[in-house]
1. How big is the antiparallel share of DSSP beta bridges in the range A:341-436, given as a percent to the nearest 5?
2. Could you please tell me the mean projected area of the C-alpha convex hull for the range A:46-108, averaged over all directions and given in square nanometres to one decimal?
3. Could you give log10 I(q)/I(0) at q = 0.19 Å⁻¹ for the range A:416-569, computed by the Debye formula over C-alpha point scatterers of equal weight, without solvent?
4. For the pair residue A:469 and residue B:267, how long in nm is the line joining their label points, each one 7 Å along Cα→Cβ?
5. Using only C-alpha atoms and all pairs of different ones, pull out the Kirkwood radius for the range B:244-317 in Å with one decimal.
6. Expressed as a rounded percentage, what relative contact order does the range B:168-275 have, with Cα pairs under 8 Å and six or more residues apart?
7. State log₁₀ I(q)/I(0) for the protein assembly as shown at q = 0.04, 0.05, 0.09 Å⁻¹ as given by the Debye formula over alpha-carbon point scatterers of equal weight, solvent excluded.
8. Give the share of C-alpha pairs in each 5 angstrom bin for the range A:350-464, from 0 to the last occupied bin, in whole percents, shortest bins first.
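The values are calculated or read from the model by the stated rules, or taken from the named source; none is laboratory data. As the structure is a computational prediction, the values presented were derived from the model and not from experiment. We place every Cβ from the backbone using ideal geometry, glycine too, and count neighbours over all the protein chains shown. Ligands, DNA and RNA are stripped out before the accessible areas are found, and what is left, the full protein with its side chains, is counted by its heavy atoms. Shrake-Rupley method; radii C 1.70, N 1.55, O 1.52, S 1.80 Å.
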Amino acid sequence: MGGGVPREKSLGQPRMEEERKGAMRVETQAVAAAPGKRREQRDSVVIRFAGDSGDGMQLTGMQFTTESALAGNDIGTLPDFPAEIRAPAGTLAGVSGFQLNFSSLEVYTPGDSPDVLVAMNPAALKVNIGDLKPGGILLADRDGFDAGNLKKAGYAGNPLEDGSLGQVQVFVVDMTGMTLKVLEDLKLSNKVASRCKNFFALGVCSWLYSRPIETTLKWIQDKFKKTPELVEANARVLKAGYHFGETTEMFAVQYEVKPARISPGTYRNVTGNTALSLGLLAAANKAGLPLFLGSYPITPASDILHELAQYKNFGVYTFQAEDEIAGVCSALGASFGGVIGVTTSSGPGIALKQEAINLAVMVELPLVICNIQRGGPSTGLPTKTEQADLYQAVFGRNSDSPLPVLAAATPTDCFTTAYEAVRIAIKYMTPVILLSDGYLANGAEPWSIPRFEELPAIPVHFRTEAEGFFPYLRDPETLARPWVKPGTPGLEHRIGGIEKEDVTGNISYSPANHELMTHARAQKLAAVAQDIPPTSIRGDHAGDLLVVGWGSTYGSIAAAVDEVRARGKRVSQIHLRYLNPLPPDLGGILRRFKTVLVPEMNMGQLLTILRAMYLVDAVGLNKIQGQPFKISEIAGRILRLLEG
Amino acid sequence: MSDAAVATAAPKLTRKDFVSDQDVRWCPGCGDYSILAQVQKVMPELGLSREKFVFISGIGCSSRFPYYMNTYGFHSIHGRAAAVASGLKISRPDLSVWVVTGDGDGLSIGGNHLIHALRRNVGLKILLFNNRIYGLTKGQYSPTSELGKVTKSTPAGSVDYPFNPIAVAMGVDATFVARGVDVEAKLLQDLLRRAYEHPGGTFIEILQNCNIFNDGVWETLTDKATKADTVLLLEHGKPLIFGKNRDKGIKLGSDSRLQVVTLGNGTQEGDILVHDETNRPLAYMLAHLETPTPIGVFHATIRPTYEEAMSKQLEAARQKLGPGDVNALFKRGETWVVR
Ligand SMILES: Cc1ncc(C[n+]2csc(CCOP(=O)(O)OP(=O)(O)O)c2C)c(N)n1
Ligand code: SF4
Ligand SMILES: [Mg+2]
């Protein structure tokens, strides 16, 4: 992802960096074709590594990703963690997976279904085989398929041998056995030695897809530098796997995926949560403010707390509070003190925070609330993704409680959206809710690294002049009230959750004043619309069908729209970052299409809002399986709608 | 760092400087008036300029307090003052941050935040106005109401056992634990000064009369006729003696329990325990003493504050890694260049 069509441009986001199109050249060497083997080109390959949680599949996947990025491919990744931390080894509940889509074309998603499945044990096979494309490649570790593991996975016979797998190219390799063999002389325990087998799998795959393994060798050196025997062991096993691929007669074909056309720049692979953390940090730095994160651990948001906790030298305070309420309250207290307060959580935690968020609405202080959505309700599916907290964000507080709501579309877009959330919070003196989700949080893609100097300005003004000061005297353009740091002489004042009198901020129970202030808060939200850039439309500006999305469905929708457009259909896409307020030009755009389709990983929340706001007879496509849309699901729905 | 240590040469301030222009709306006769008066008396004497003070409260009659102080103030939501104040104090250790809460606000809905703020030793000066009732919501029993309390919500008497606020604070290792009384002006002023000077978090339970919904709840402790025999003033380094004739005292019995004894008849002053604020086990025992009821400072000890420890970590990171370079951070990990 983040490839040929610059994402910033396609989403109509404020562009952070001058993007120049150019043929791509990557600083890495190509690998020579192996002798005696056929070389075949592929545009895109989707590979899934699956094994027991203890098998190191995440690490294997990430290293393969790095190799692919360095080979110049566009990429998209998605890990799939088991819900239990330490499920018993060999069981279905303990299967951990990592999927990577690497391509010479632009990548929008981690891929619908894998072309290649690496299965280290029967449980991994059972959980994943149903997703493998017909005719796909299965690479299995023979040693992992012993009687005990087969039984734990619920297989009566060995599926690798009994022909039950059907239309699959099966490659069974003694990965554990060969791993132990090459490590024989190292005097490692059997347990430690067999743990290296994931590098054998990585070696085989690296050869199969012509990936250079030098970077992984270097990485092994760094990662295990404290235990030189592991450096030696893992490096040996990686090379052994690679050479096995090269020499075995099992593989007649070696594949190649050419570099993609990618906009020039310096790139790095980031997950959504890392990008979001960097966005918050960059914005705070741009504003010249310390950042205070008040948070309570919850999947899939915790990594933001972990990430920001490392940035102490940037003046970042991270406070692991006693609960979510204290998380948001401490952040608001920090904002009152003149730093930028942030709180991060997922749906259940946001539910706890809402009263304090409403306090932020009343006291009109900047605050950023990040909701990394997961499957619900209640504890729901903590490790699975969903985008069903839009109502909660827009409507989920008592009374009329307007605040801006933004949603990130891709892992790297989490950076831009977090940055924008901070900017709006400060400019308009308001809490802002940022919606991400588990899919974006853990998914990764190449990020075109911006230059800090070129990011949009975030001016901050702390009032210090006492003359003419009133706590609720608003800026005429933004309707923001002044921000005053406690410690400023002569500006002592009180704020709070009781209704405020216009201008003075004194407690007021006057009926007319309450109505006036309710309107003022609504108008302030409406004023945010002046910052929303024109909505960019992928495809024609009018046509038969418009797909409207928000959040992490971006990639699947974009790929689906491209697919049906390639068949000559008059279909376009818009993807909303600003969900409250909605873009001013949205109503007009909706009316230019015969049909409006809104795919969502919920029961139709944006759909309902669009229908209510614009009286448009939009239709939904709803998937509530804790999993992202497949491109084919959206493309299929579009085609059926066009057929009438 | 104590708030006293951050005091700069401030201009001379008077009580009036701390009185806001808002009308005070407590019921006439409410104990809160006296507390407000003592705070407004002490603040100008502390040597810290007015703009450095922040009062943060939750919800309740008591929590109206910040509106009446001409300082920075934040009237937050029910129970959450300690959490809001923690965020402020951690990121702005230069401010003197005071929390005003009630027995319902601080011990019922906000109990969690109170105990965590105290155990962390965030440098908050917490004043808990204990009237053993929900005043603002018109008279339901509170978590400090005595067992069997008859209120609108407990017509047959409450069946839940009450909190002992001092024991709660001791139980979470608060570094400064004291009890004052709304009408004991001098003691309250002393406690406020002590709290200000204490380098760290402080907890003062203030026994407060709600003359509308719980009138006379502390009467035996405040009535001139009885108080000498019902109240024990804790003074560091002084024997635990009380009584109209100063003839009663507290002794450690051979069963390791506190005993109330009368002087004379073989008991001399030398047998009476001498109060030592730094003696944690003694403070625990005194926390559970009901007759007489101890007032004053139960315990004071010094432990690094949360904000200090946090600032040190930030400083250490800056020393080690230099001030943050955002561009360098962006490029952390494996990067590649596309031309
Ligand atoms: C979330 C929430 N729940 C309930 C209330 C109603 N409420 C306001 S104050 C209060 C109790 C106050 O009692 P206390 O803290 O003892 O203060 P007092 O009025 O006695 O000073 C309650 C229940 C509220 N404001 N917010
Ligand atoms: S109800 Fe009680 S606590 Fe509240 S103001 Fe009146 S007297 Fe004071
Ligand atoms: Mg009360």
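1. Close to 5 percent.
2. Numbers: hull surface 16.7 nm².
Convex hull of Cα atoms, orientation-averaged projection: 4.2 nm².
3. -1.27
4. So the two model labels end up 5.8 nm from each other.
5. On the way: mean 1/r = 0.0667 Å⁻¹.
Over the range B:244-317, the inverse of the mean reciprocal pair distance is 15.0 Å.
6. Numbers: 135 pairs, mean separation 18.2, N = 108.
Worked out over the range B:168-275, it gives 17 percent.
7. For the protein assembly as shown, the Cα-only Debye profile gives -0.25, -0.38, -1.00.
8. 2, 11, 20, 20, 19, 14, 9, 4, 1, 0
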